[in-house]
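All remarks here apply to the structure that follows.
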Amino acid sequence: SRINFGYSQSDHTGDMRLEETVTFNGQTYTVGDRVRTDLDFRRYKLMYGYDFSLKVVNIGILVGVHGIEAEAKLRSEVTGFRETEDLKGVIPALGLTLGIHPISKLAIHAEASGLSLTISGVKVKLIDGFAGIDWLFVPKFGLKAGYRYFLLDAENEDESDSLKVSQNGPFVGLALHL
């Protein structure tokens, strides 16, 4: 069995002229208004995993939570209106893992977790996954490379508020096998 902890942070900014009226945190921004947006997004992941080892291949199950913190800001260049909204939440998740160890210096891993449910009137869909290769150039330690995908789609049941964050792309890092 194992415990995984993960953390990621991203900051996004944008600038555009509105093509439709938008209400953000009770303030209305009208068509043609030039707005600037900032989104600071932090994600925490804590998962417990249990592997079923079949020598070269490991298959496992995951259960845990994803913690989300987001701060969204919207500012009108025309009217000067500024609004900020802080969002925080904990989302339960289930998942599967696959590990293949064809030789002692090489490990191929894949993991997917997520859940789709309604929490306190908010419909939430979370998908998190990666596939990668670990090259262990010394016993138990090496380099990791792969591809990661993350999607968080949340919306009030009355569809008045929503948040959609999607992140994907290649990654590199250090690998430690204990």
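Worth pointing out:
- Yes/no for Leu46 being out of contact with any Ser or Thr (no Cβ under 9 Å at 6 or more places or on another chain) and open to solvent by 40 Å² or more (accessible area, probe 1.4 Å): yes
- Summed over the stretch 115-164, the residues that are more than 26 Å from Leu98 (Cα to Cα) and either open to solvent by 50 Å² or more (accessible area, probe 1.4 Å) or modelled with pLDDT of 90 or more (or both) give a count of 12.
Every residue, every condition in (1) within 21 Å of Ser162 (Cα to Cα); (2) open to solvent by less than 50 Å² (accessible area, probe 1.4 Å); (3) out of contact with any Phe, Trp or Tyr (no Cβ under 9 Å at 6 or more places or on another chain); (4) not in a strand (DSSP E or B), yes or no:
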| site | (1), (2), (3), (4) |
| --- | --- |
| Ser10 | yes, yes, no, no |
| Thr13 | yes, no, yes, no |
| Glu20 | yes, no, yes, yes |
| Val35 | yes, yes, no, no |
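- Of residues in the stretch 53-99 being farther than 27 Å from Arg43 by Cβ, open to solvent by less than 60 Å² (accessible area, probe 1.4 Å) and in a strand (DSSP E or B), the one modelled with the highest pLDDT: Val57
- All conditions in (1) surrounded by fewer than 14 Cβ atoms within 10 Å (Cβ to Cβ); (2) in contact with a Phe, Trp or Tyr (Cβ under 7 Å, 6 or more places away or on another chain) hold for Glu111, with the sole exception of (1).
The values are calculated or read from the model by the stated rules, or taken from the named source; none is laboratory data. Remember, predicted model here, so these are calculated numbers, not experimental data. Neighbour counts run over all protein chains shown; Cβ positions are idealised from the backbone, glycine included. What goes into the accessible areas is simple: the full protein's heavy atoms, side chains included, and nothing from ligands, DNA or RNA. Shrake-Rupley method; radii C 1.70, N 1.55, O 1.52, S 1.80 Å.
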